[in-house]
Amino acid sequence: MKMKYKFGLLGAAALIAGLSSCANHDLIPDIAQVGQAVPTVYWEVGSTVCKAGEAFTFQGKYNSVPGRIPVKSEVWYLIVRDDVATVTTKLGGTSLNYSQTVSLNDTMRTYQSQAVFPHNEEYWNGHEYIVNGEVPVSRTLTPVSWVDAKEWDWERFNTYYPEGFIREYLDKIYDYLTGESANSYYSALRTVYLNYDFTNDQFKAVGLPELDLSGDDGGTSVKSDAWYSTTEASDDKIVGYYYITIDEAGKTVYNEVPVDYQAPEGIQIYPVYDSSEWVFCRYDDNSGAIVSTVRPEWLPKFRELLENIPFQAWIYDSSNAVYKVDFARNYSLRAQFRAYDKDASEINNPDAFLYEGIVSDTEVKEISIN
């Protein structure tokens, strides 16, 4: 999806901007030269999982080089947000088992210092300096979940699902039921016709017969009688015949002829059975059975009818009285441990250059927030 590309591009741009804004804290400082001794750092975290509003623990190790004195160490991290949003179609029954999912991975905040630990000579263990500390994690990074909503909430939907999601979803549904794949979704279209509370005005607008919809079942049984087809072969149900040709585009054409049609030699004809006027009910020689499809000229009319159904009705699970939404937002951190020192002769000069120890990409710790 284009949206996925767009968000990915934003995330990359934000990361580049963040790195540019931290030019005073380059991972490999400008003063490092080939063959020159540089400080080193290493660290481990207590756990790669942390609860929002709490803190993760770590142990950092660093040393300096002759002529420079350690000043402090810091933990920096950037924040990554992962969204996964899904809806599942229920109105068409098991014949229309369509789900649409969109995902977003975004760097919502670039590297920033989150905890500072002033240098203390007591950290020295005879080989290196060791600091044990905690790094806070904001409560605002609590995971978000919205699943199987009992009541429809447009505000939450518009907050969690991207612009254009509904349009893309409905276009796909309409295409399945009334497009080139319509023959495969005949049962699904009939199920929608039966289960949704269409009005007679809506039926009349597309040329479907008006019905008595006042029954206790909302007219479902009446609609079922209106949409009928022959299911068992019987001569008294034959209303015509058809034969097959192939057009210039290579598509199969079903040519219907009257019941008294006399086929020329070499033309094989097959029965057409009694059904609703919008249904083409025929014997299919390939499957050896009766097959029903919606007649092509009726498909645009059914699309117009389907456009009366609001989005949320497509995903309503009437058996469990919930809307089939599934949204999850999770956060994770990419954390680094950094150590800083100064020239010994400038240790008391607050404006003196502050050198940053080497930080390797292999020392970036990923921490999941729960």
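The values are calculated or read from the model by the stated rules, or taken from the named source; none is laboratory data. Since the model is a prediction, treat every value here as computed from it, not as a measurement. Ideal geometry is used to build each Cβ from the backbone, glycine not excepted, and the neighbour counts take in all protein chains shown. These area figures cover heavy atoms from the full protein model, side chains too; ligands, DNA and RNA do not enter into them. Shrake-Rupley method; radii C 1.70, N 1.55, O 1.52, S 1.80 Å.
Based on this model, can you work out whether Ile347 counts as open to solvent by 50 Å² or more (accessible area, probe 1.4 Å), within 21 Å of Tyr62 (Cβ to Cβ) and of a type in the set (Val, Ile, Thr)?
The answer is yes for Ile347.
Give just the number: which of (1) among the small types (Gly, Ala, Ser); (2) at positive phi; (3) in contact (Cβ under 8 Å) with a residue 40 or more places away in the chain does Gly288 not satisfy?
(3)
Which of the residues spanning region 43-94 are in contact with a Ser or Thr (Cβ under 9 Å, 6 or more places away or on another chain) and of a type in the set (Asp, Glu)?
Within region 43-94, Glu74, Asp82, Asp83 qualify.
How about region 114-133: which of its residues are surrounded by 14 or more Cβ atoms within 10 Å (Cβ to Cβ), in contact (Cβ under 8 Å) with a residue 12 or more places away in the chain and not aliphatic (A, V, I, L, M)?
Within region 114-133, Gln114, Phe117, His119, Glu128, Tyr129, Gly133 meet the criteria.
Filter region 248-270 down to residues that are charged (D, E, K, R) and more than 24 Å from Asn183 (Cα to Cα) and give me whichever is modelled with the lowest pLDDT.
Filtering region 248-270 for residues that are charged (D, E, K, R) and more than 24 Å from Asn183 (Cα to Cα), the one modelled with the lowest pLDDT comes out as Glu265.
Tyr196 versus (1) among the hydroxyl-bearing types (Ser, Thr, Tyr); (2) surrounded by fewer than 15 Cβ atoms within 10 Å (Cβ to Cβ); (3) out of contact with any strand residue (DSSP E or B) (no Cβ under 7 Å at 6 or more places or on another chain): which is the lone unmet condition?
Of the numbered conditions (1) among the hydroxyl-bearing types (Ser, Thr, Tyr); (2) surrounded by fewer than 15 Cβ atoms within 10 Å (Cβ to Cβ); (3) out of contact with any strand residue (DSSP E or B) (no Cβ under 7 Å at 6 or more places or on another chain), the odd one out for Tyr196 is (2).
Report the residue count in region 141-192 for those that are farther than 30 Å from Val294 by Cα and either exposed (fewer than 13 other Cβ atoms within 10 Å of the Cβ) or over 16 Å from the mean Cα position of the chain (by Cα) (or both).
The number of residues fulfilling the criteria is 15.
Tell me, which residue of region 240-259 that is of a type in the set (Ser, Thr, Tyr) and more than 23 Å from Arg190 (Cα to Cα) is most open to solvent (accessible area, probe 1.4 Å)?
By that ranking, first place goes to Thr252.
Consider Tyr193 against the criteria (1) at pLDDT below 95; (2) closer than 16 Å to Val279 by Cα: it satisfies all of them except one. Which criterion is unmet?
(1)
Given Gln268, Gln262, which one is over 27 Å from Tyr185 (Cβ atoms) and in contact (Cβ under 8 Å) with a residue 24 or more places away in the chain?
Gln268 is the lone residue from the list that is over 27 Å from Tyr185 (Cβ atoms) and in contact (Cβ under 8 Å) with a residue 24 or more places away in the chain.
For Asp216, work out the one condition from (1) within 26 Å of Val322 (Cβ to Cβ); (2) at pLDDT 95 or above; (3) surrounded by fewer than 18 Cβ atoms within 10 Å (Cβ to Cβ) it doesn't fulfil.
The one condition Asp216 does not meet is (2).
Identify, please: which residue in region 271-313 is touching a strand residue (DSSP E or B) at 6+ places or on another chain (Cβ under 9 Å) and among the hydroxyl-bearing types (Ser, Thr, Tyr) and is, among those, farthest from Ala182 (Cα to Cα)?
The selected residue is Tyr273.
Can you say whether Val325 is buried (at least 18 other Cβ atoms within 10 Å of the Cβ), at pLDDT 95 or above, touching a Leu at 6+ places or on another chain (Cβ under 7 Å) and among the hydrophobic types (A, V, I, L, M, F, W, C), as far as the supplied structure shows? Steps first, please.
Numbers: buried (at least 18 other Cβ atoms within 10 Å of the Cβ): yes; at pLDDT 95 or above: yes; touching a Leu at 6+ places or on another chain (Cβ under 7 Å): no; among the hydrophobic types (A, V, I, L, M, F, W, C): yes.
When the stated conditions are applied, Val325 does not pass them.
Does region 291-299 contain at least one residue that is in contact with a Leu (Cβ under 8 Å, 6 or more places away or on another chain), open to solvent by 60 Å² or more (accessible area, probe 1.4 Å) and part of a helix (DSSP H, G or I)? Spell out how you get there, then give the answer.
Taking region 291-299 and keeping what is in contact with a Leu (Cβ under 8 Å, 6 or more places away or on another chain), we get 294.
Okay, now just the ones that are also open to solvent by 60 Å² or more (accessible area, probe 1.4 Å), so none.
No, the conditions are met nowhere in region 291-299.
Within region 43-99, track down each residue that is hydroxyl-bearing (Ser, Thr, Tyr), in a strand (DSSP E or B) and open to solvent by less than 40 Å² (accessible area, probe 1.4 Å).
Tyr62, Ser73, Tyr77, Thr86, Thr88
Collect the residues in region 276-290 that are open to solvent by less than 20 Å² (accessible area, probe 1.4 Å) and aromatic (Phe, Trp, Tyr), keeping them in residue-number order.
The answer is Trp278, Phe280.
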